[in-house]
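Student: Pasting a structure below so you can have a look.
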Amino acid sequence: MYSPAIDPGLIPVLYRLGKARGVPMTTLVSTLLFDALERIDLPADAVPHFNQVAPCYRNPNPQQEAA
């Protein structure tokens, strides 16, 4: 699997944001990337792959509705 490097200048920003949110940096980066990808027009061949992972990022911890 392809594992691109993150720009070293962004690491301290991501680290501190992850700490502030109480999430691991890998989770933070994945969430930020998903949010960005959701807002752009993806190539047609990327859409099925995106849709496959989307349920993991859309409302991952649904709140119980009040009765």
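The values are calculated or read from the model by the stated rules, or taken from the named source; none is laboratory data. For clarity, every value in this text was computed on a predicted model and none was experimentally measured. Side chains are part of the model used for accessible areas, which takes the heavy atoms of the whole protein and leaves out ligands, DNA and RNA. Shrake-Rupley method; radii C 1.70, N 1.55, O 1.52, S 1.80 Å.
Student: Based on the alpha-carbon gyration tensor of the chain and its eigenvalue square roots a ≥ b ≥ c, which shape applies: rounded if a/c is under 1.5, prolate if not and a/b is larger than b/c, or oblate?
Tutor: It comes out oblate by the Cα gyration axes.
Student: Based on DSSP H runs of at least 4 residues, each adding -39500 (n - 2.57), what is the mean residue ellipticity at 222 nm of the chain after dividing by all its residues, to the nearest 500 deg cm²/dmol?
Tutor: Calculated mean residue ellipticity at 222 nm is -16500 deg cm²/dmol.
Student: Whole-Hz ³J(HN,Hα) for each residue in segment 35-40, computed from phi via Karplus 6.51 cos²θ - 1.76 cosθ + 1.60 with θ = phi - 60°, x for glycine and proline: what do you get?
Tutor: The phi angles translate into 4, 5, 5, 5, 9, 10 Hz.
Student: Largest first, how would 26, 31 line up by accessible area (1.4 Å probe)?
Tutor: Listed by decreasing accessible area, they come as 26, 31.
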